[in-house]
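Bear in mind these aren't lab numbers, they're just calculated from the coordinates by the rules spelled out. This structure is a prediction, so every number in the text was calculated from the model and none was measured. Cβ coordinates were reconstructed from backbone atoms using ideal geometry, including for glycine residues, and neighbour counts include every protein chain displayed.
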Amino acid sequence: MQLPPPWRLRNDADDHLVVVTVSAHLKGHALGELQMANEHAATKVEASDRSVLDHIRELVAEEQRLYQDRAPTDADQERLQKVKIELDQYWDLLRQRRALEEFGRDPADAHLRPAQIVEKYEG
């Protein structure tokens with residue numbers, strides 16, 4: 001849809017179509033609002049990526065602790081296997097989020113894949 005000047009269509013941070021004025025006296029204000037919306041969206045993505053990374057760091061710390069046990073119990077061995085699988089799932093989730101963002105899609109569309117799927121990946 002093409003609108004006559006001084007109006008233009010744009011997508012906002014939530015990918016909703018909005019009409020923005022680009023007339024001389026409002027141009028800076030409208031562009032400033034769009035820039036703030038883009039920065040807000042980027043901050044949300046970074047925050048979510050950060051929470052995924054924080055969880056990965058927690059799992060790595062637990063994995064290291066379990067490996068350091070000189071005489072791990074059966075429960076420790078079982079937990080270690082679960083941690084390894086969960087780590088694979090969260091690394092996969094982070095890669096999905098970053099790929100979606102790279103191609104202009106919503107990183108929130110990424111989802112935690114089942115262990116049966118991520119465990120079949122070959123590195």
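One table, with the values for the structure above:
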read-out: Candidate set from region 88-123 (those that are of a type in the set (Lys, Arg) and touching a Pro at 6+ places or on another chain (Cβ under 8 Å)); member that is surrounded by the fewest Cβ atoms within 10 Å (Cβ to Cβ); value: Arg98
read-out: Selection from region 64-87 of residues that are surrounded by 11 or more Cβ atoms within 10 Å (Cβ to Cβ) and outside any helix (DSSP H, G or I); value: Asp69, Pro72
read-out: Residues (within 11 Å of the chain's Cα centre (by Cα) and either of a type in the set (A, V, I, L, M) or farther than 16 Å from Ile117 by Cα (or both)) located in region 55-106; value: Leu93, Leu94, Arg97, Arg98, Ala99, Leu100, Glu101, Glu102, Arg105, Asp106
read-out: Leading residue by the ranking (farthest from Arg70 (Cα to Cα)) among those in region 88-123 that are of a type in the set (A, V, I, L, M, F, W, C) and not in a helix (DSSP H, G or I); value: Phe103
read-out: Answer residue from region 84-123, given it is free of Cβ contacts under 8 Å to residues at least 24 places away in the same chain and among the basic types (Lys, Arg) and is nearest to Glu63 (Cα to Cα) among those; value: Lys84
